Amino acid sequence: MATDVVLEPAERAIERVRATYYISRMLAQSGLLHLTSLRLMFVPTGTIDRVVGAERVSLAIDEIQRLSCEGLATKKLTVRSAIKTYRFVGRNFENLERELRALVSRSSQSEISHREEVLAEARVNLFVSRLLTQSGLLHVTNRRVSFTPIGVLDRAMGARDLQLPVEAIEGIETSGSLDRRTRIRARNAQLLILGELPEAFVATLRRALAAKGLLLSVTEAPRSGHGSHPLAHCTSCTRPIDPAVGFCPHCGTPLPA
């Protein structure tokens, strides 16, 4: 993982300082904090962090809604977006803070009508592989649907924030009998969630798309006993399962083909 950043054609580098990014109270990563004319970015440089796949932070200037900087020799820079709070600690933050405040001020004045706001939130378990889920928060804003892992162990192992632009979302599909799953489908990506999304969350997402002149396709397969796959029992733990899933969600045993 390189410590430099690739700039967009109209982007210019402004400041770069060493910093520690506090993912949580107990978990931190060392790296470089970059400020450009368009973004605030954190690039991990710690060997262990890079081995486990630590995620870069990239926050557009127009996503920043509040910032504060405290301390004397050692500074704590707190940056808040509509969805998340980022905390960085380090020295020599003075120039970066001054330039960042100027950029945020100009952005706020020109983009006030397009400010990002959270419309709905739900706590979910997201599938990151066939058997593995991560707990986190799912948000709908007027710009995107985003998933933020909240488990400390998941974060330590390099769990990443995921997001789908509202304009790219095409539909929501719910399936399964005993263990329901919800798939948020976009043009080139998807989020697969264990369980069903609250009706209010889906309705809010539908309105967010409608505000941009788009329609949200919502399909829901019936549960067992209403035309879906009949329930079976796991050969290992004997608990009832949906054979359409392909494995037992209770003990992880694969189902025979």
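No value in this document is a laboratory result; all are computed from the given coordinates. Remember, it's a predicted structure, so these values are computed and weren't measured experimentally. Cβ: placed from backbone, ideal geometry, glycine included. Neighbour counts: every protein chain shown.
A few comments on the model shown:
- Overall shape: oblate for the stretch 133-207, with the ratio a/c of the largest to smallest alpha carbon gyration tensor axis at 1.5 or above and b/c at least equal to a/b.
- Amide N of the stretch 124-144 lying under 16 Å from the label point, which is placed 7 angstrom from the Cα of MET157 along Cα→Cβ: 125-136
- A protection proxy built from the mean count of other Cβ atoms within 10 Å ranks the segments 130-143, 61-74, most packed first, as 130-143, 61-74.
- Gain on full stretching of the segment that runs from GLU167 to THR78 - 0.36 nm per residue minus C-alpha separation: 29.1 nm
- Whichever lysines have a C-alpha closer than 26 Å to that of LYS212, once near sequence neighbours (fewer than 8 apart) are set aside: LYS84
- Net lengthening on full extension, ARG115/ARG18 (0.36 nm per residue, minus Cα-Cα): 32.0 nm
- Loop sites in the stretch 159-192: trypsin sites (Lys or Arg not before Pro), DSSP, at most 10 other Cβ within 10 Å: none
- Spin-label pair ARG66-ASN95: with each label point 7 Å from Cα along the Cα-Cβ axis, the two points sit 3.0 nm from one another.
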